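Student: The structure is given below, and queries will be raised subsequently.
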Amino acid sequence: MPLEILTIPCLQDNYAFLAHDPETGTTALVDIPEAAPILAALEDKGWSLDLILITHHHWDHVEGLDGVLAKHPAKVVGNAADKDRLPKLDVALSDGDRLSIGNETGVMFDVSGHTIGHVAFHFPAAKAVFTADSLMALGCGRVFEGTMPQMWESLSKFTTLPGDTVVYSGHEYTASNAKFALSVDPDNLALQKRAEQIDAARKTGTPTVPSILSDELATNPFLRAHTAELAAALGMQGTDPKEVFTETRTRKDNF
Ligand code: ZN
Ligand code: FE
């Protein structure tokens with residue numbers, strides 16, 4: 001049986017996720033922007049929390065931790081390489097280390113760029129990847145701590161996952177991401193269609209997260225720096241993907 005995954009809107013535009021293995025009753029939380037909506041979702045489902053996976057140190061991904069731990073003494077899991085800036089970790093993993101949610105085995109891997117030490121969690125059998133502020137729906141996180149080439153290298157790791165992988169990212173930024181994507185890649189028909197769907201979803205308040213990796217590969221400019229199409233759209237034919245990515249991300253910073 002696959003993981004049951006719940007998307008929980010928190011704060012203004014953050015998302016947390018609960019992942020529940022029905023075979024063992026094990027439940028994991030990915031990020032803790034705010035305790036109240038997470039506690040309410042656990043209560044509603046009748047789940048108790050076993051694990052808390054942290055993607056990166058930013059306050060809007062960890063702020064609710066004490067409030068959740070007060071009710072659910074779960075084990076806190078995160079990147080050993082960033083342990084000095086993260087809340088106290090019970091399980092400190094390194095790039096490529098495995099972890100389990102009940103019978104579901106996954107891997108934590110480094111996707112530094114937005115922060116140094118940002119990680120993603122991939123559960124292949126569940127076809128789920130938790131990306132927070134690395135790969136986002138039709139976008140990517142701003143490069144605060146790493147370098148542009150490093151962010152491109154991190155995002156490239158997602159391009160090798162199966163296309164039907166579901167991408168659980170950290171924020172509802174998709175509508176503004178779509179406006180930017182159309183500005184750099186206006187002739188992309190798949191992008192035009194997706195932008196319309198996003199508009200329709202946001203009009204009814206429907207979350208656009210999670211998204212499907214194959215859609216990101218077809219429409220997300222930050223995953224397409226290696227394609228001839230995006231390079232041509234930017235007038236950068238034959239340019240190194242790292243430079244195409246840098247140009248794209250810089251334009252977004254100024255958009
Ligand atoms: Zn962040
Ligand atoms: Fe964030």
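Student: Read through the list (1) of a type outside the set (K, R); (2) crowded, with 24+ Cβ neighbours inside 10 Å; (3) within 16 Å of ligand 2 (Cβ to nearest atom); (4) under 30 Å from A218 (Cα atoms), then give the number of the only condition that F144 fails.
Tutor: (2)
Student: Q150: surrounded by fewer than 23 Cβ atoms within 10 Å (Cβ to Cβ) and closer than 26 Å to E243 by Cβ, yes or no?
Tutor: For Q150, the condition - surrounded by fewer than 23 Cβ atoms within 10 Å (Cβ to Cβ) and closer than 26 Å to E243 by Cβ - is met.
Student: Okay, moving on. R251 versus (1) part of a helix (DSSP H, G or I); (2) surrounded by 15 or more Cβ atoms within 10 Å (Cβ to Cβ): which is the lone unmet condition?
Tutor: Failed condition: (2).
Student: Select from the stretch 65-86 the residues that are out of contact with any strand residue (DSSP E or B) (no Cβ under 6 Å at 6 or more places or on another chain) and either in a loop (DSSP other than H, G, I, E, B) or among the polar types (S, T, N, Q) (or both) and write down the one among them that is farthest from ligand 1 (Cβ to nearest atom).
Tutor: Top of the filtered list is P73.
Student: A further question follows. From the set of residues in the stretch 70-94 that are closer than 17 Å to A19 by Cα and open to solvent by 20 Å² or more (accessible area, probe 1.4 Å), which is farthest from ligand 2 (Cβ to nearest atom)?
Tutor: Within the stretch 70-94, the match that is farthest from ligand 2 (Cβ to nearest atom) is P73.
Student: Something else: Output the number of residues of the stretch 95-111 satisfying the condition of being more than 15 Å from ligand 2 (Cβ to nearest atom) and part of a loop (DSSP other than H, G, I, E, B).
Tutor: Result for the stretch 95-111: 5.
Student: When residues of the stretch 128-141 are filtered for being touching a helix residue (DSSP H, G or I) at 6+ places or on another chain (Cβ under 7 Å), near ligand 1 (Cβ under 10 Å from one of its atoms) and either among the polar types (S, T, N, Q) or not in a strand (DSSP E or B) (or both), how many remain?
Tutor: Residues meeting the conditions: 1.
Student: Which members of the stretch 29-40 meet the condition of being closer than 19 Å to Y168 by Cα and surrounded by fewer than 18 Cβ atoms within 10 Å (Cβ to Cβ)?
Tutor: Result: P37, single match.
Student: Here's a follow-up. Spot the failing condition for Y173; the list is (1) within 14 Å of the chain's Cα centre (by Cα); (2) more than 16 Å from ligand 1 (Cβ to nearest atom); (3) open to solvent by 60 Å² or more (accessible area, probe 1.4 Å), and only one is missed.
Tutor: It fails just one condition, (2).
Student: Still on this structure: Sort out which residues of the stretch 211-248 are under 28 Å from F123 (Cα atoms), open to solvent by less than 50 Å² (accessible area, probe 1.4 Å), in a loop (DSSP other than H, G, I, E, B) and in contact (Cβ under 8 Å) with a residue 40 or more places away in the chain, and write them in order of number.
Tutor: Answer for the stretch 211-248, where residues must be under 28 Å from F123 (Cα atoms), open to solvent by less than 50 Å² (accessible area, probe 1.4 Å), in a loop (DSSP other than H, G, I, E, B) and in contact (Cβ under 8 Å) with a residue 40 or more places away in the chain: N220, A225.
Student: Scan the stretch 48-64 residue by residue and report those that are away from ligand 1 (no atom under 12 Å from the Cβ), surrounded by 24 or more Cβ atoms within 10 Å (Cβ to Cβ) and not aliphatic (A, V, I, L, M).
Tutor: G64
Student: For L155, only one of the following conditions fails: (1) under 12 Å from the mean Cα position of the chain (by Cα); (2) open to solvent by 10 Å² or more (accessible area, probe 1.4 Å); (3) farther than 22 Å from H20 by Cα. What is its number?
Tutor: Of everything listed in (1) under 12 Å from the mean Cα position of the chain (by Cα); (2) open to solvent by 10 Å² or more (accessible area, probe 1.4 Å); (3) farther than 22 Å from H20 by Cα, L155 misses just condition (2).
Student: From the list G117, G67, G113, G102, pick out the single residue that is at positive phi and open to solvent by 10 Å² or more (accessible area, probe 1.4 Å).
Tutor: Testing whether each residue is at positive phi and open to solvent by 10 Å² or more (accessible area, probe 1.4 Å) leaves just G102.
Student: Scan the stretch 169-190 residue by residue and report those that are away from ligand 2 (no atom under 16 Å from the Cβ) and assigned to a helix (DSSP H, G or I).
Tutor: Listed by number, the residues that qualify are A175, A178, K179, F180, A181, L182, S183, V184, L189, A190.
Student: Another question, then. Would you check which residues across the stretch 1-46 are in a loop (DSSP other than H, G, I, E, B) and either under 20 Å from the mean Cα position of the chain (by Cα) or closer than 19 Å to H58 by Cα (or both) and list them?
Tutor: P2, L3, L11, Q12, D13, D31, I32, P33, E34
The values are calculated or read from the model by the stated rules, or taken from the named source; none is laboratory data. Note that the coordinates shown come from a computational prediction; the quantities given were computed from them, not determined experimentally. Here the Cβ is made from the backbone with ideal geometry for all residues, glycine too, and neighbour counts use every protein chain on show. Areas reflect the complete protein model, heavy atoms only, side chains present, ligands, DNA and RNA absent. Shrake-Rupley method; radii C 1.70, N 1.55, O 1.52, S 1.80 Å.
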